[in-house]
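Visitor: Take a look at this one; I'll ask things after.
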Amino acid sequence: MRRLCTFGIALVIGCPAVVGAQIQMPDPKQIAGVPLPAEDLPSGTISVRVIRGGFDKNIPDATVQFLVDGKARTAKTDASGRAQVAGLARGAKVRAATVIDGVRLESQEVVVGDSGVRFVLVATDPELEKRAEEDRRLATSAAVPGIVVFGPETRLIVEMADDKLNVFYVLQILNTARTPVDPGGPVIFDLPRDARGLTLLQESSKQATVKGHRVIVTGPFAPGPTMVHAAYEQPYTRDTAHIVQTWPANLQNLNIIVLQIGGIQVRSARIEQKREVTDQGQQLIVASGPAIQAGQALELEISGLPHHPVWPRYVALSLASVLIGAGIWAAATPTPRRRAA
């Protein structure tokens, strides 16, 4: 089971490109001023986009200064908030800057290489700052009655390793409210009764515990996601394993990843799309489906599993029973010499 955790955290924690989930735009503040290689731009081209708070608020007609090897060039942003310079020599050192509302925004320095480079310069949006401050205040308020759902980053990952079928659950318990919510008790996730070795992985929230076949996540739930990562071994006797999982809260959409080894396949009436992809050299089956309501079950069939015939074990057990019975009979029956005596 440990191998999947080290194979690639992207598979367990989240890789939207692999899972096929929604591609989320990065936080502009996290990439502000950071050089981003752009293969679609010719070498020697530097593009700067100026925005206010988010990518939905471009700032047109802003003056951008490009400092190229100490020499300044200027350009105006267009309607999309972009300004650029082109034809720069390989090895040139470039830095971009602009002034918005009296505040200077400046990029990191970049050396012109084989591809173009993009920058994003982010000005403060007073409305967003006000809402963010309000969100921080509400997040520390008392919990109110509410609901949680299993969000779009929830997925099941199935792996065959060391002749064992391992199942990993990445559960995104999502509170879409701006305040903490109390759903009226813990979220109790009952795993299949034949599951073995249920455990929580290190990335799980401290609110989660394991008891028998249950994953118990206690509230209240803060705004946003509460992540729980669980793993167990699914036993099987032939070349097919059946997994039945009931959801204690609404699942927004179904995502399944199966590591493709030796012809393993996955089937379910709830799967609408299925494709095979390669990630980090590993063949994967990526399947998806629509929402599942609370109380409804997901039934999965994992086929093509390697297995060993069970008849040798039954024969061995039968022979052992015969030998044990013979030994008991011999011990209880007097020998001819004992009868003569």
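What follows draws every value from the coordinates through simple rules; no lab data is involved. Every value quoted in this text rests on a predicted model; they were computed, and no experiment measured them. We place every Cβ from the backbone using ideal geometry, glycine too, and count neighbours over all the protein chains shown.
Visitor: Given Cα pairs under 8 Å that are at least 6 residues apart, what percent is the relative contact order of the stretch 26-128?
Guide: Averaging sequence separation for qualifying contacts and normalising by length gives 40 percent for the stretch 26-128.
Visitor: What list of ³J(HN,Hα) couplings, whole Hz, do you get for the stretch 288-304 from phi and the Karplus terms 6.51, -1.76, 1.60, once you set θ to phi - 60° and write x for glycine and proline?
Guide: Going residue by residue, I get 8, x, x, 5, 10, 6, 4, x, 8, 10, 9, 10, 10, 10, 9, 10, x Hz, with x marking Gly and Pro.
Visitor: Which residues' amide hydrogens lie under 5 Å from the amide hydrogen of Thr246, considering only partners 5 or more residues apart or on another chain, with H built in the peptide plane?
Guide: When sequence neighbours closer than 5 places are left aside, the close amide H contacts are Leu298.
Visitor: What ranking do 216-224, 63-71, 170-178 get when scored by the average of other Cβ atoms within 10 Å per residue, highest first?
Guide: With the highest mean Cβ count within 10 Å placed first, the list reads 170-178, 216-224, 63-71.
Visitor: Test of understanding: what is the full-extension gain from Arg104 to Ile261, defined as 0.36 nm times their sequence separation minus their Cα-Cα distance?
Guide: Additional length available on full extension: 51.1 nm.
Visitor: Need the full-extension length gain, Glu203 to Asp239, defined as separation in residues times 0.36 nm minus the C-alpha distance. One decimal, nm.
Guide: Between Glu203 and Asp239, full extension yields an extra 9.8 nm.
Visitor: Go ahead and collect, in residue order, the members of the stretch 71-111 whose backbone nitrogen is under 12 Å from a label point 7 Å along the Cα-Cβ direction of Glu133.
Guide: Under 12 Å, as judged by backbone N against the label point of Glu133, lies no residue of the stretch 71-111.
Visitor: Using the beta-carbon distance between Lys76 and Thr140 and R0 = 45 Å, what value does 1/(1 + (r/R0)^6) give for FRET efficiency, to the nearest 0.05?
Guide: 0.55
Visitor: Plugging the Kirkwood radius over Cα pairs into Stokes-Einstein for the stretch 26-128, at a temperature of 37 °C and a viscosity of 0.692 mPa s, what D comes out in µm²/s? Please report the intermediate quantities before stating the final value.
Guide: Numbers: Rh = 13.5 Å.
For the chosen part, D equals 244 µm²/s.
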